[in-house]
Amino acid sequence: MIVEMKTGASKPQVDVVVEKAKSMNLGVQLNLGTDKTVVALLGSNTGQIPTEVFAVLPGVESVTRIMKPYKLASREVKARDSRVDCGGVEIGGKQVVIIAGPCAVESEDQLMQAGRAVKKAGASILRGGAFKPRTSPFSFQGMQEAGLELLAKAKEKLGIPVVTEVVNVQDIELVSRYADMLQIGSRNMQNYPLLTEAGKSGRPVVLKRGFSCTITEWLLAADYLLAERNNKVILCERGIRTFEDSIRFSLDISSIPVIKKSSHLPVIVDPSHAAGHYSLVPAIAKAAVAAGADGLLIEVHPNPKEALVDGLQSLSPSDFARLMKELKPVAESVGRYI
Ligand code: PEP
Ligand code: MN
C-alpha cells in the first residue's frame, strides 16, 4: 500500500502515518522527496486493510493499493489452477464442461425430455431451477421441493449430476440433499449470509457474477465461500448491465482472461442470460469457449414456446445439438475438448 503525503506535509504528520503502520505490524519504507513524501507500507495482509485507515490521517493526499483486496480467490495465495469435482465431473481441467437444461423445472416430463436431450448431445451436468429468484413476486417462483425431487429422479434415471439454485439460507440444507452443486444467482452474489452458509454446506458452488458487480467484488464474494474452507468454487460470468439495451445483458467476455490472470478458480459462462434471445446464444457460447471458459451453462427447453420462464432465450434440443457440434472445433482450437 502506498501513502502519498500532501505537498509540504509536516514531519509530525509523516510520523503519525509511520506510527500507525507500525502499530499494525506493517513494514515501512520512507521516500523523502524535496516536496513530497511517499510512505510504502509492507506486509502480507495489506490487501485486506481498508485504505481509509490511512486516508483519514492529516497530511495524507492519497492511498493506493498494490495488493488485491481479495485473498483466498487470488493467484497470489494459490498459483495453480483449481479443479472442482461436481458429482464425478471435473471443472477446470482440459474439458470444457457443458451444463444444460431448463431455466425452471416445470414437470417430470419437461425435465426428463430436456435431460435426455442435453445428455445425448454431450452435456455432462443437468441444470434446472426449483427456487426461482423472480423480479416480480407474481411470476412463477419455481416448483420448490417438488422440483428438487424431480431433479433427483432425473439424476438417477440419466446418471448425470444436477445443479440448482438456492435463494435463501433456510433452504441450503434441503437443496444440498438433492443437488450435486449449488448455484448462487446473480441477484444473490452479494448476499453474504447466503454465501457463508453455502460455503459451510461443503457442496460445490457455482457463483454467478452480480450483474452490477465488478470482478473485484465478485472475487471478494468468492472469498466468503472459500473462507468456510469450501474450495469447490466455480465462477460464472452471465453478463452485466451496461448502457447497451439491444441485448438482455452485455456479456463481459474480457472477464474470462482477467479472472484467469488474477484467480485460480475455474470460470464458466452462461450465454443464455446474457443473450436473452435464442438466436444470439450460439455466437456468444463460441466466443466464451474461444476466450478460455472452463464450461458453459446453457438453457435448453424441450418446447421453448411453452416455457414458464426464459423461453425466448432457451435453445430447443435440436439447436442445442447443433451448437454442441459447432463448439467442438472451437474448443480444439484453444487446446481443449468438449
Ligand atoms: C438462472 O440461471 O436461471 C438465473 C436466474 O440466472 P442469473 O442468476 O444469472 O440471472
Ligand atoms: Mn433463466
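The values are calculated or read from the model by the stated rules, or taken from the named source; none is laboratory data. As the structure is a computational prediction, the values presented were derived from the model and not from experiment. Positions of Cβ are backbone-derived with ideal geometry, glycine not excepted, and every protein chain shown enters the neighbour counts. The protein model used for the area step is the full one, side chains on, heavy atoms only, and it has no ligands, DNA or RNA in it. Shrake-Rupley method; radii C 1.70, N 1.55, O 1.52, S 1.80 Å.
Criterion applied to 10, 82, 74 was being touching a strand residue (DSSP E or B) at 6+ places or on another chain (Cβ under 7 Å) and touching a residue at least 12 places away in the same chain (Cβ under 8 Å), and the one residue passing it is 74. Where strands (runs of 3 or more DSSP E) fall entirely within region 1-65, those with at least 2 residues that are open to solvent by 30 Å² or more (accessible area, probe 1.4 Å) and among the polar types (S, T, N, Q) are at 27-32, 60-64. Among the residues of region 142-158, the one identified as more than 16 Å from residue 110 (Cβ to Cβ) and either touching a residue at least 12 places away in the same chain (Cβ under 8 Å) or within 12 Å of ligand 1 (Cβ to nearest atom) (or both) is 145.
You will find that of 126, 151, the residue that is in contact with a Ser or Thr (Cβ under 7 Å, 6 or more places away or on another chain), open to solvent by less than 40 Å² (accessible area, probe 1.4 Å) and away from ligand 2 (no atom under 14 Å from the Cβ) is 151 and no other. Among residues of region 129-140 being within 16 Å of ligand 2 (Cβ to nearest atom) and among the aromatic types (Phe, Trp, Tyr), the one that is nearest to residue 161 (Cα to Cα) is 131. Within region 263-312, restricting attention to residues that are among the polar types (S, T, N, Q) and open to solvent by less than 20 Å² (accessible area, probe 1.4 Å), the residue that is farthest from ligand 2 (Cβ to nearest atom) is 263. Scanning region 207-259 for residues that are aromatic (Phe, Trp, Tyr) and either surrounded by fewer than 15 Cβ atoms within 10 Å (Cβ to Cβ) or more than 15 Å from the chain's Cα centre (by Cα) (or both) gives 243, 249. Residue check: residue 143 meets all listed conditions (1) within 16 Å of ligand 2 (Cβ to nearest atom); (2) buried (at least 19 other Cβ atoms within 10 Å of the Cβ); (3) closer than 24 Å to residue 296 by Cα but one, namely (3).
Take residue 118 and tell me if it is within 14 Å of ligand 2 (Cβ to nearest atom) and surrounded by 15 or more Cβ atoms within 10 Å (Cβ to Cβ). For residue 118, the condition - within 14 Å of ligand 2 (Cβ to nearest atom) and surrounded by 15 or more Cβ atoms within 10 Å (Cβ to Cβ) - is not met.
This table checks each residue for (1) more than 16 Å from ligand 1 (Cβ to nearest atom); (2) within 19 Å of the chain's Cα centre (by Cα).
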site	(1), (2)
275	no, yes
304	no, no
311	no, no
318	yes, no
326	yes, no
329	yes, no
337	yes, no
